[in-house]
Amino acid sequence: MQSFQIKSVSTEISAEIQRKIDFKTKPLGALGMLEKLALQIALIQQKEFPVLNNPHVVVFAADHGLAREGVSKYPSEVTYQMVLNFVRGGAAINVFARQHGIKLTVVDAGVAGDFEQDLPIVHQKVTYGTKNSLQEPAMTLAEVEQCIASGAKVVHEIYQKNGNVIGFGEMGIGNTSAASLLMAKIGKFPIEQCVGRGTGLDEKELQRKSLVLQQVLEKHSNAQTPLEVLASVGGLEIAQIVGGMLQAAENQMIILVDGFIATSAFLVAHALYPAVMDYAIFCHQSDESGHQLMLKYLNAEPLLKLSLRLGEGTGCALAYPLVQAAVNFLNDMASFESAGVSNV
């Protein structure tokens, strides 16, 4: 696998930044989580006055062989159709990205269909969807390594265009199943705690999904390392997100983590390089039932709780104004001294 040079964030200027935050014209701690966020961003950038440049959300799309087992409400063709919807600007992520001035990049990581080469997407299909993990490993280790390198390449190109904030979205019918399996394997959770309704399964369909995923876990009980687990039960889009997150951390970019599926990719990235945690902002707690446990496992505090379960990076786009607010108060808000306000 491609290796990454990911350093833990230096805390040498932590006291200096905290003092700056504390002496703004407000009661101590009155801006709550925005104060923690401001400190984190200042430490990521090692700057007293951090800057947000060229924010991006990258949506990775791929299909899943396991979808043939009836684990999703929608057919696999929807993955292909949604990529076209992204290109036409009609999806939720398009709307929110436009609203907040975020650039959107769409990546074909492994959709089970061919796109016209002149479409404004990144063409880096590794294969036409994963294999059915109920029968065999979803990917080979070579495919996982190719995915990680491909995801890293997309992110590095954004970094070279002066981007320092990046969110990760996904599209892939069946990928809540892959995320549930990754959560169960990496976090050692019972599968019942990991499985949710995904695209809106009813009770009977949810029971079937749980049964299928339990069988998948039993099939791949020998997969132990993060890469083995990813190859056995993961997804092409999830693997490319892993590579993208690791590259973003190496480049000391701010990583915006979306919902359940993006967090499952982060679980893998974190298992490989724990220091990636220093660069991550968890944008929201999804309504997918396992996400709260995932976040607790990572000791992560999400910015929003809006009962979202859409993916696409929508949580990243919705949380981005809070990231901006944290930077703006740190940079622009008066201190007691500069404003001539008495401080207790």
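Would you mind getting me the FRET efficiency between LYS305 and GLN5? Use the beta-carbon distance for r and R0 = 56 Å, nearest 0.05. Working shown, then result.
Working: r = 35 Å, r/R0 = 0.62.
The calculated FRET efficiency here is 0.95.
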Of ARG19, ARG197, ARG309, which is the most mobile in a GNM of the chain whose springs link Cα atoms less than 10 angstrom apart? ARG19
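With Cβ to Cβ distances under 10 Å as the rule, what net charge do the other residues near GLU48 carry (K, R +1; D, E -1)? Can you show the working numbers first?
Working: positive: LYS20, LYS47; negative: GLU16.
So the environment of GLU48 carries a net charge of +1.
Would you mind counting up the charge near GLY113? Only other residues with Cβ under 12 Å from its Cβ, with Lys and Arg at +1 and Asp and Glu at -1.
-4
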Long-range amide H partners of HIS284 with built H, under 5 Å: LEU303, LEU304
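How much length is gained if the chain between ALA334 and LYS204 is pulled fully straight, taking 0.36 nm per residue apart and subtracting their Cα-Cα distance, in nm to one decimal?
On the way: separation 130, 0.36 × 130 = 46.80 nm, distance 5.74 nm.
Gain on extension, ALA334 to LYS204, equals 41.1 nm.
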Rounded to the nearest 500, what is the chain's calculated 222 nm mean residue ellipticity when only DSSP H runs of at least 4 contribute -39500 (n - 2.57) each, over all residues? -14500 deg cm²/dmol
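Test of understanding: ordering GLU16, GLU77, GLU288 by Cβ neighbours within 10 Å, fewest first, what list do you get? Before the final figure, lay out each step's value.
Details: GLU16 10, GLU77 13, GLU288 23.
The order, fewest Cβ neighbours first, is GLU16, GLU77, GLU288.
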Name the residue from LEU267, GLY200, ALA231 whose Cα lies farthest towards the positive end of the charge dipole of segment 189-344, charges +1 on Cβ of Lys and Arg and -1 on Cβ of Asp and Glu. GLY200
Proximal lysines to LYS36, defined as alpha-carbon separation beneath 25 angstrom and excluding residues fewer than eight positions away on the same chain: LYS7, LYS20, LYS24, LYS26, LYS47, LYS296, LYS305
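Would you tally the net charge around VAL58, using a Cβ to Cβ cut-off of less than 13 Å, leaving VAL58 out, and scoring K and R as +1, D and E as -1?
Values: positive: LYS103, LYS153, LYS161; negative: ASP108, GLU157, GLU170, GLU237, ASP258, GLU312.
Every neighbour counted, the sum reads -3.
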Return the single residue from ILE173, ILE41, ILE121 with maximal mean-square fluctuation; model: Gaussian network over the chain, springs between Cα atoms under 10 Å. ILE121
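Helices from the chain with mean Kyte-Doolittle at least -0.5 and a Cα length along the axis of 27 Å or more, per DSSP H: which? Please list the in-between numbers first.
Details: long enough: 141-160 (28 Å, 0.31); 314-332 (28 Å, 0.75).
Span-like helices here: 141-160, 314-332.
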Nonlocal Lys pairs with alpha-carbon distance under 19 Å, segment 120-240 (8 or more apart, or different chains): 10
At 7 Å along the Cα-to-beta-carbon direction for both PHE49 and LYS73, put a label point, then send me their distance in nm to one decimal. 5.0 nm
GNM of the chain, Cα pairs under 10 angstrom: of ILE13, ILE158, ILE21, the biggest fluctuation goes to ILE13
If I stretch the segment between GLU12 and ASP114 completely, what's the gain in nm (0.36 nm per residue apart, minus their alpha carbon distance), one decimal? 31.7 nm
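Each value in this text was obtained by applying a stated rule to the coordinates, not by laboratory testing. Remember, it's a predicted structure, so these values are computed and weren't measured experimentally. Glycine also receives a Cβ, built like all others from the backbone with ideal geometry; neighbour counts cover every protein chain displayed.
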